[in-house]
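**Student:** Encoded as structure tokens, here's the structure I'll be asking about.
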Amino acid sequence: MTPSLDLAALDRHIESHSERAISLLQRLCAQPSISATGEGLQAMADRAAEALADYGVSAQVHPVAGGPPVVVGEVAGRSTRTVLLYSHYDVQPVDPLDEWHSPPFAPTRRDDSLFGRGVSDDKGDLVVRLEALDAVRHLLGELPLTLKLLAEGEEESGSPHFGTFVDQHRAWLASDACLMESSGLAPYGTAPLVLGCKGLLYVDLSVHTAERDAHSGNAPVVPNAAWRLLGALASLKDEDGRVALPGFYAPIRSWTPEERDALRSMPSEEETLRHSLGLDAFLDGLSGLAWREQLHGAPTANVCGFHAGYGGPGTKTVIPAQARAKVDFRLVPDQQPEAVRDALRAHLDAQGFADVQIDRADGVGPVRTPPDSPWVQAAARVAADFYGRPAVIIPNSPGTMPMATLARALPDVPLFMAPGGPGYWGSLVHAPNEHIRLPDLVAAIKLTARLILAFGEMARAHD
Ligand SMILES: [Zn+2]
């Protein structure tokens, strides 16, 4: 960072405005915005837009057909180079309500912490970014580069309509880099950079073998839908557990040396996960680097649920006429959900399961930003400086995140999750008593302001 920057003045500004940050977060979290039920989403979008406007960010609330609105705002900076900052204003349901020590939508300060639904996930993120941009503007007189802020309202439900918004607003979304929801402090003392996520193809399968269920005395002569679908599901993997669809593995990129280095040096969650699930061992005895490579980089076919016939108490001798299953395929670069869906159909037909129907197939592609992207490197340097220890880089999340949807409009743009969230590993996100520690909120604003400054220097160097 340019030595002439007065970071002490920046931090003083942030500290002296910490009460303003807390009261904005309280105002945002006092408005319920429950993704699962839709409660308060429109009002929340309006409140978020007001908050943007209060910080001098020209804001708009875009309606989305069938889904909650998306709030966007933009602040021009000295450079036209642009970073897009993604967040979401919806929250998880609050049940079980009686386990909260203070009402979830009456944000409450206790022991230097702030309790309330959304304080960490993810309304705190928006507050951090607004305060950080305000501090940077105060320091420099203007932003060093252009920032676009976006807050969507259905992340906690898997963003089923966000793709519609993304497809309709490609021009507005155009940017040089995009930060997702920020990461919070992990138990290893720093917040990680997460450079990608797996894609997802989710399918509903069904088979109908007769007009109606039959007495199981007829089993020698009447087909059974459960056996048909079990056969089809079993055919999806070979004896080695590999997915048997034609061409499934062909598009897969191997790890680069930089990505493998990141995998090797990241703190492993292997033992934590094993203990939390009460497992003696992982699949195929996986451990160490191989465990990480598989967890973060292997595509999968997973049966989420299966339904057929009778499952109640006692005995019912029946031949089910119908069977249904839900299957998810997690995809890695450069697999694409449409191609996997087509391969699934071709595979079922070739295996003699033409009667197995694909009733639904929803998908989103995978994303992986290279660790040597200059935007990633800049964020990693800021994190390392700020925390006084090497940045943790997770090359690919095992799950699927909104960056997968944004990638549709931003191919080849670095998309990643950077430190800057006000939460920590104990924030109880999605659970009763979600909270943040107030010193973490101030630290997150300081870190985010440094990210904006570092990105601004990159923009200046490239203009
Ligand atoms: Zn979230």
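No lab work stands behind these numbers, since they all come straight from the coordinates. Here the structure is a predicted model, which is why all the values come from computation and not from measurement. Cβ coordinates were reconstructed from backbone atoms using ideal geometry, including for glycine residues, and neighbour counts include every protein chain displayed.
**Student:** I'd like the FRET efficiency for PHE282 and ALA30, computed as 1/(1 + (r/R0)^6) with the beta carbon distance as r and R0 of 45 Å, rounded to 0.05.
**Tutor:** On the way: r = 43 Å, r/R0 = 0.96.
For R0 = 45 Å, the calculated efficiency reads 0.55.
**Student:** Identify, among LEU438, PRO411, GLY124, the residue whose Cα sits farthest towards the positive end of the charge dipole of the chain, taking +1 on the Cβ of Lys and Arg and -1 on the Cβ of Asp and Glu, with the dipole about the Cα centre.
**Tutor:** Result: PRO411.
**Student:** Hey, any idea what the orientation-averaged projected area of the convex hull of the stretch 300-451's Cα atoms comes to, in nm²?
**Tutor:** Working: hull surface 58.4 nm².
That works out to 14.6 nm², a quarter of the Cα hull's surface.
**Student:** With +1 assigned to the C-beta of every Lys and Arg and -1 to the C-beta of every Asp and Glu, and no other charges, what is the dipole magnitude of the stretch 87-241 about the Cα centre in debye, to the nearest 20?
**Tutor:** Working: 12 positive and 25 negative charges, 44 e Å.
So the magnitude is around 200 debye.
**Student:** Could you go through the stretch 324-335 in sequence order and give the Karplus-derived ³J(HN,Hα) for each residue, using 6.51 cos²θ - 1.76 cosθ + 1.60 with θ = phi - 60°, rounded to whole Hz, and x for Gly and Pro?
**Tutor:** 9, 9, 10, 10, 10, 10, 8, 10, 10, x, 10, 5
**Student:** Quick one: Cα convex hull volume of the stretch 84-240, Å³ per residue?
**Tutor:** Working: hull volume 42.8 nm³, N = 157.
Dividing the Cα hull volume of the stretch 84-240 by its residues yields 273 Å³.
**Student:** Okay, moving on. Output needed for the chain: three equivalent-ellipsoid semi-axes, defined as square roots of 5 times the C-alpha gyration tensor eigenvalues, in descending order, whole Å. Could you put the intermediate results ahead of the total?
**Tutor:** Numbers: eigenvalues 380, 125, 91 Å².
One finds semi-axes of 44, 25, 21 Å for the chain.
**Student:** Would you give the gap between the C-alpha center of the stretch 238-282 and the C-alpha center of the stretch 164-215, rounded to a whole Å?
**Tutor:** Comparing the Cα centres of the stretch 238-282 and the stretch 164-215, I get a distance of 18 Å.
**Student:** OK, next. Given q = 0.19 Å⁻¹, what are the Debye log10 I(q)/I(0) values for the stretch 264-318, with equal point scatterers placed on the Cα positions and solvent ignored?
**Tutor:** -0.77
**Student:** How much FRET efficiency would the formula 1/(1 + (r/R0)^6) give for ASN433 and ASP349, where r is the Cβ-Cβ distance and R0 is 51 Å, rounded to 0.05?
**Tutor:** E between ASN433 and ASP349, to the nearest 0.05, is 0.50.
**Student:** Counting only pairs 8 or more places apart or on different chains, how many lysine pairs in the chain have C-alpha atoms closer than 20 Å? Don't jump to the answer; show the numbers that get you there.
**Tutor:** Values: LYS123/LYS148; LYS123/LYS446; LYS148/LYS446; LYS198/LYS237; LYS198/LYS326; LYS237/LYS326.
Pairs that pass both the separation and distance tests number 6.
**Student:** In Å and on Cα atoms, what radius of gyration and Dmax does the stretch 62-103 show?
**Tutor:** 17.3, 50
**Student:** So how far apart, in nm, are the two label points at ASP112 and LEU273 if each is 7 Å from Cα heading toward Cβ?
**Tutor:** The two pseudo-label positions are separated by 3.4 nm.
**Student:** Show the residues, 5+ positions off or on another chain, whose built amide H is closer than 5 Å to the amide H of ARG81.
**Tutor:** THR146
**Student:** To continue, here is another question. Using the Karplus equation 6.51 cos²θ - 1.76 cosθ + 1.60 (θ = phi - 60°), what ³J(HN,Hα) coupling, rounded to whole Hz, does each residue of the stretch 348-358 give in order, writing x for Gly and Pro?
**Tutor:** Per residue, the Karplus-derived 3J(HN,Hα) values read 4, 4, 5, 8, x, 10, 4, 7, 7, 9, 9 Hz.
**Student:** For the chain, what is the relative contact order in percent, using Cα pairs closer than 8 Å and at least 6 residues apart in sequence?
**Tutor:** Working: 967 pairs, mean separation 119.8, N = 463.
Relative contact order of the chain: 26 percent.
**Student:** With labels modelled as points extended 7 Å from the Cα through the Cβ direction, what inter-label distance (nm, one decimal) is found for LEU289 paired with HIS215?
**Tutor:** 6.5
**Student:** Give the separation of the Cα centroids, the stretch 390-463 to the stretch 67-108, in Å.
**Tutor:** 14
**Student:** Treating only the Cβ of Lys, Arg, Asp and Glu as charged (+1, +1, -1, -1), what charge dipole size does the stretch 420-463 show about its Cα centre? Round to the nearest 20 debye. Mind showing how you got there, number by number?
**Tutor:** Values: 4 positive and 4 negative charges, 22 e Å.
It works out to roughly 100 debye.
**Student:** Per residue, what volume in Å³ does the Cα convex hull of the stretch 213-339 take up? Spell out each step's value before the answer.
**Tutor:** Numbers: hull volume 20.1 nm³, N = 127.
Once divided by residue count, the hull of the stretch 213-339 is 158 Å³.
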